[in-house]
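Undergrad: I am attaching a structure below and will ask some questions about it afterwards.
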Amino acid sequence: NFLKSLKSSAESMAPAYEARRSLKRFACLNCHNRDGEGGFSPELTEQMRLLENAENVDDISPPRLTGVGHKLRTSWMLKVLTQAGRARPWMTLRMPQYGTENVGILTEALPKLEGTVPDDSVKPPQLTASTIDAGRTLTGKAGHGCVACHDISGVSGGGTRGPDLALTPERVRFDWYTRWMHQPQRLAPQTKMPTYFPDGKSLLTSVANGDADRQIEALW
């Protein structure tokens, strides 16, 4: 009866506590960094570079877990945790798969740990000829040059490889995406992502009259 009571109480733990417990239980911070804790040591990072293809060595560390509850849609988080979902399929590293029964709860617990709620909604894009054309221009070399680093539908731009842009609406929440576009360095210090909208203004005035929010919407 005593052991049954422990199992019952474990199943009813507060989500924030369950998130912390799972992060420790499955040693997530052995690879991932969260709030300045964990992640690869400089020595291990250099060893990993030797195992990676030369064109991919600029980005070999697993994604930071800081703010992941605000960032990821519930369905994508579940896909990563239980279905080997990957935004960087070229990386040598592989995410361990512990099973839905063990880590499935993190899709609810991680957002609550960070003071938000799980969310799987997708902001419908404005699919007009003008917005699609604007997004294509902004993504290309005549715009913000996203293709220089990011893959798009599996096609590499040849530079430092960032997550596949075609997966963005599937992966991230729109509110996080907007904040990321405005202030990437604030959300991920030392990221290689440039700031294209300093002080809320676009560096490119030839698209959407330089309106930052309209450009961000067009990219979405």
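The values are calculated or read from the model by the stated rules, or taken from the named source; none is laboratory data. Please read all numbers here as calculations on a predicted model, not as lab measurements. FYI the Cβ positions are ideal-geometry reconstructions off the backbone, even for glycines, and counts take in every protein chain you see. The area values use the complete protein model at the heavy-atom level, side chains included, leaving out ligands, DNA and RNA. Shrake-Rupley method; radii C 1.70, N 1.55, O 1.52, S 1.80 Å.
Undergrad: Just the residues that are small (Gly, Ala, Ser) and either surrounded by 13 or more Cβ atoms within 10 Å (Cβ to Cβ) or in a helix (DSSP H, G or I) (or both), please, taken from the stretch 37-58.
TA: Going through the stretch 37-58, the residues small (Gly, Ala, Ser) turn out to be 38-39, 41, 54.
Those that are small (Gly, Ala, Ser) and either surrounded by 13 or more Cβ atoms within 10 Å (Cβ to Cβ) or in a helix (DSSP H, G or I) (or both): GLY38, GLY39, ALA54.
Undergrad: Is it the case that some residue within the stretch 133-151 is in a loop (DSSP other than H, G, I, E, B), in contact with a strand residue (DSSP E or B) (Cβ under 7 Å, 6 or more places away or on another chain) and open to solvent by 50 Å² or more (accessible area, probe 1.4 Å)? Show your work before the answer.
TA: If we filter the stretch 133-151 for residues that are in a loop (DSSP other than H, G, I, E, B), which is where we start, we get 140-145, 149, 151.
Still in the list and also in contact with a strand residue (DSSP E or B) (Cβ under 7 Å, 6 or more places away or on another chain): 149.
Applying the additional criterion that residues be open to solvent by 50 Å² or more (accessible area, probe 1.4 Å) yields 149.
Checking the stretch 133-151: at least one residue is in a loop (DSSP other than H, G, I, E, B), in contact with a strand residue (DSSP E or B) (Cβ under 7 Å, 6 or more places away or on another chain) and open to solvent by 50 Å² or more (accessible area, probe 1.4 Å).
Undergrad: Give the number of residues within the stretch 21-36 that are over 18 Å from the mean Cα position of the chain (by Cα) and open to solvent by 100 Å² or more (accessible area, probe 1.4 Å). Talk me through it step by step, then tell me what you get.
TA: First, pick out the residues of the stretch 21-36 that are over 18 Å from the mean Cα position of the chain (by Cα): 21-22, 24-27, 30.
This time we only want the ones that are open to solvent by 100 Å² or more (accessible area, probe 1.4 Å), so: 24-25, 30.
So the count comes out to 3.
Residues checked against (1) closer than 19 Å to THR191 by Cβ; (2) among the acidic types (Asp, Glu); (3) open to solvent by less than 30 Å² (accessible area, probe 1.4 Å); (4) out of contact with any strand residue (DSSP E or B) (no Cβ under 9 Å at 6 or more places or on another chain):
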position	(1), (2), (3), (4)
ILE60	yes, no, yes, yes
ARG64	yes, no, no, no
GLN83	no, no, no, yes
THR92	no, no, no, yes
ILE105	no, no, no, yes
PRO111	no, no, yes, no
GLY115	no, no, no, yes
PRO118	no, no, no, yes
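Undergrad: How do the helices (runs of 4 or more DSSP H) wholly within the stretch 70-117 filter down when requiring 3 or more residues that are without any contact (Cβ under 8 Å) to a residue 40 or more places away in the chain, out of contact with any Phe, Trp or Tyr (no Cβ under 7 Å at 6 or more places or on another chain) and of a type in the set (A, V, I, L, M): which remain?
TA: On the way: elements: 74-82, 100-103, 106-113.
Where helices (runs of 4 or more DSSP H) fall fully within the stretch 70-117 and carry at least 3 residues being without any contact (Cβ under 8 Å) to a residue 40 or more places away in the chain, out of contact with any Phe, Trp or Tyr (no Cβ under 7 Å at 6 or more places or on another chain) and of a type in the set (A, V, I, L, M), they are 74-82.
Undergrad: Filter the stretch 152-173 for residues that are open to solvent by 20 Å² or more (accessible area, probe 1.4 Å) and part of a strand (DSSP E or B); which is nearest to LEU81 (Cα to Cα)?
TA: Ranking the candidates gives ILE152 first.
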